[in-house]
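The values are calculated or read from the model by the stated rules, or taken from the named source; none is laboratory data. Predicted model, so just to flag it, every value in this text is computed and none were measured. Here the Cβ positions follow ideal geometry from the backbone for every residue, glycine too, while neighbour counts run over all protein chains shown.
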Amino acid sequence: MLSRIITAAIATRAVLACDSCYGEPEHDVVLTRHVRRMQPDAQNATSGPKAPLEWGQINFLHTTDTHGWLEGHIKEQNYGADWGDFVSFTKGMKQKAKHLGVDLLLVDTGDLHDGAGLSDATKPNGNVSNAIFENIDYDLLTIGNHELYVTEIAYETFTNFSKVYGDKYLTSNVQISNPATGQWEYIGKKYRYFTTEQGLRIMAFGVLFDFTGNSNVSKVIKAAELVQQQWFLDAVNYTEPIDLFVVTGHNPVRRNDTSSTIGKVVDAIRKVHPDTPIQAFGGHSHIRDFAVYDTKATGLESGRYCETLGWLALSGIESSGYGTMAPSGVPNPTRKPIPPKANATSSGASSSNGTSDLLVARRYLDWNRLTFAYHAEGSQKYTTFDTAKGKNTTNEITSYRQSLNLTSLYGCAPQSYCQTCKPFLADGNLFGLLQTALSTVVINETRKDTPRLIIINTGSVRFDLAKGPFTYDDSFIVSPFDDAFQFIPDVPYSQASKVLGILNAGAFQKKRDLSTADFNFAPVLADRDICIDPPLTHASGMAKRSNARIIRRQAADPSPGYTTKDDFGTDGDDTIHKAIPRYSQPNDLQANASFPTDGSLPETVDLVFLDFIASYIVSALNGADVGGNYSLSDVSYYLPKEFTTNSYLPAYAKVAWQENVPDCPVGTGIGSS
């Protein structure tokens, strides 16, 4: 039975991942009923915004680290809006800005792929999701590290995506080898100098952190070198007036983050322009954050995965002939950006010398229709929230989800499972579920009666699993990685039983060089090195698509979600939530199977592990306290290479989660009891 499940899981990938597969899969290897509660019927948010937004002289909507989540979070309350809802929202907010006589700019700071099926189920990666993303008319964008791992994706970004946005797509320190000329060229533009509709003159840059995991067709110039290059110095000393510098970057905004290089760029600008406002927009670390660098410079970071939309409003920028400083009829910014004492965000920075009239407001919006409709109220001449382009985008997402078979159903997850909101292996902890799944389905039929220990690295998991339909899309969301199962046969139990402790006492397994073969669906990373790919935190959410009246009533009990603390304090979250607990998790997880039923321990075991961590397994076995004598030549594949970390949970769902199919009950989201 289990061998047939594994064979089916391998066949499923071949069928479902094929670009030519549209509609129902030809071979019924999974339950191919389309899920009833999908994107158009996402759950309603129970918690709405706490107050209207402050509008300033210039305003920004900021997205970052969307990672393909353009369909929204289908099974979570508070984050259920899709990209079509966002299209409608941005149009309404642009109209509202024009009515108020102020500027509104849309900014994105990269990482468009690797996280959900809409981006990861196509070849090349992002083939569908990029086209959907492009329905937003951004004013400034920059590149993320996930656009650079794989050569094919880097060239797609250079050849197609960057051309859609033209001089708005900024890659100040990222170049690529032009295949036609063999010469190094910038993937986007080095900088953008422009004048807003209301007359503000802006100089903008786009700076990726000092990333080293890119394929060899691209080149990332370190920030310390960038700020000394002549073109950058010329741009900072531009011949035309500059009212505001904008530094976009796939780059943490907090200066004491070891991977952040935004501070180097801010410092370089500040040395030349001690009194010109600087606004940074960051990303990469997947958090909500706001950092104050000096009295005229701040940085905003706006979460991840279409859970957060950042809002920033500025007033008090000196500019000849500029109009409205404080638009009437709406709240205005009131806070001056004063760096907190003993705050490492401004450590070593070149501070502004003069007095400042700059006023700032920031807000982190939950990604749902209730939030969008509330803030866009009165922005359009019709009473309905949706625009024609927004509805078309929503329909396009629905169509692609069906044609890519992302709604094909494996089973019903009976509860929500999170990576960090529960103690390790406690009820509701995702790794406890995976321990059971590994024991159940990772079986070599020819050695099924041989006791085995199965070890995976916890970093092979990308995201939580919410209660409800477990679909092809969810298989990407939980783990899009393509690491296969290897083993060493007949290892003395006395040695094998010591390996997990050694791995968990060490550092996270370091990265090998990445190639397309490492990740079948996407070049995302299978460990949690925060310098390259940050660890995951979580807050819950989702919302209902409806043309009903706007509801302002706040839920009596706040739902679990983001509770952010930044340099302005704890009032930045647009919707009030209760905090989700966060528990540390180990480096690695072990499952046992086929052990003696009498409770005794076996003499020898098959030691099964992911090929990604094979060298670490061998090293642990050969440690002085273990006494093994193994090499990589002793390692072989336990199961076919096609059965991977992306396969075993779908295989388990087909065995264990058939109750209620196809009408799967849906929960309220991660962190809810």
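So the values come out like this:
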quantity	calculated
Leading residue by the ranking (surrounded by the fewest Cβ atoms within 10 Å (Cβ to Cβ)) among those in segment 157-198 that are part of a strand (DSSP E or B) and of a type in the set (Val, Ile, Thr)	Thr195
Matching residues, segment 199-210, being within 17 Å of Thr64 (Cα to Cα) and part of a loop (DSSP other than H, G, I, E, B)	Val207, Leu208, Phe209
Some residue of segment 326-347 being under 23 Å from the mean Cα position of the chain (by Cα) and surrounded by 18 or more Cβ atoms within 10 Å (Cβ to Cβ)	no
Criterion violated by Thr383 - all others in (1) touching a helix residue (DSSP H, G or I) at 6+ places or on another chain (Cβ under 9 Å); (2) within 30 Å of Thr394 (Cα to Cα); (3) modelled with pLDDT under 95 satisfied	(1)
Residue identified as of a type in the set (Ser, Thr, Tyr), modelled with pLDDT of 95 or more and farther than 25 Å from Ala154 by Cβ among Thr248, Thr239, Thr212	Thr239
Among residues of segment 152-184, those that are charged (D, E, K, R) and without any contact (Cβ under 8 Å) to a residue 24 or more places away in the chain, counted	1
Some residue of segment 657-671 being touching a strand residue (DSSP E or B) at 6+ places or on another chain (Cβ under 7 Å), among the small types (Gly, Ala, Ser) and under 21 Å from Ala437 (Cβ atoms)	yes
Scope segment 585-617; condition among the aliphatic types (A, V, I, L, M) and in a strand (DSSP E or B); matching residues	Leu589, Ala591, Ala593, Val605, Leu607, Val608, Leu610
Neighbours by Cβ (under 7 Å, 6+ apart or cross-chain): first from segment 104-124, under 15 Å from Gly310 (Cβ atoms); second aromatic (Phe, Trp, Tyr) and in a loop (DSSP other than H, G, I, E, B)	Leu106/Tyr138; Val107/Tyr138; Asp108/Tyr138
Residue selected from segment 615-641 under the condition surrounded by fewer than 17 Cβ atoms within 10 Å (Cβ to Cβ) and under 29 Å from the mean Cα position of the chain (by Cα), by the criterion farthest from Gln435 (Cα to Cα)	Ser615
Options Asp289, Asp257; residue that is over 18 Å from Tyr193 (Cα atoms) and not in a loop (DSSP other than H, G, I, E, B)	Asp289
Given (1) modelled with pLDDT under 90; (2) out of contact with any strand residue (DSSP E or B) (no Cβ under 9 Å at 6 or more places or on another chain), number of the condition Val330 does not satisfy	(1)
Selection count where residues are at pLDDT below 95 and touching a Leu at 6+ places or on another chain (Cβ under 8 Å), scope segment 120-132	3
All positions within segment 620-673 that are free of Cβ contacts under 8 Å to residues at least 24 places away in the same chain and of a type in the set (Ser, Thr, Tyr)	Ser631, Ser633, Ser673
Residue list for segment 132-156, filter: within 21 Å of Leu61 (Cβ to Cβ) and either hydrophobic (A, V, I, L, M, F, W, C) or surrounded by fewer than 24 Cβ atoms within 10 Å (Cβ to Cβ) (or both)	Ile132, Phe133, Glu134, Asn135, Ile136, Asp137, Tyr138, Asp139, Leu140, Leu141, Ile143
Residue list for segment 47-94, restricted to those being in contact with a Ser or Thr (Cβ under 9 Å, 6 or more places away or on another chain) and at positive phi	Asp65, His67, Gly68, Asn78
Cβ-Cβ under 9 Å pairs, at least 6 apart or on other chains, segment 483-498 side free of Cβ contacts under 8 Å to residues at least 24 places away in the same chain and under 13 Å from Leu601 (Cα atoms), far side β-branched (Val, Ile, Thr) and outside any strand (DSSP E or B)	Ser494/Val626
Answer residue from segment 217-235, given it is in a loop (DSSP other than H, G, I, E, B) and either under 24 Å from the mean Cα position of the chain (by Cα) or not polar (S, T, N, Q) (or both) and is surrounded by the fewest Cβ atoms within 10 Å (Cβ to Cβ) among those	Lys222
Condition broken by Gly182, with the remaining ones in (1) out of contact with any helix residue (DSSP H, G or I) (no Cβ under 9 Å at 6 or more places or on another chain); (2) under 23 Å from Leu233 (Cβ atoms) satisfied	(2)
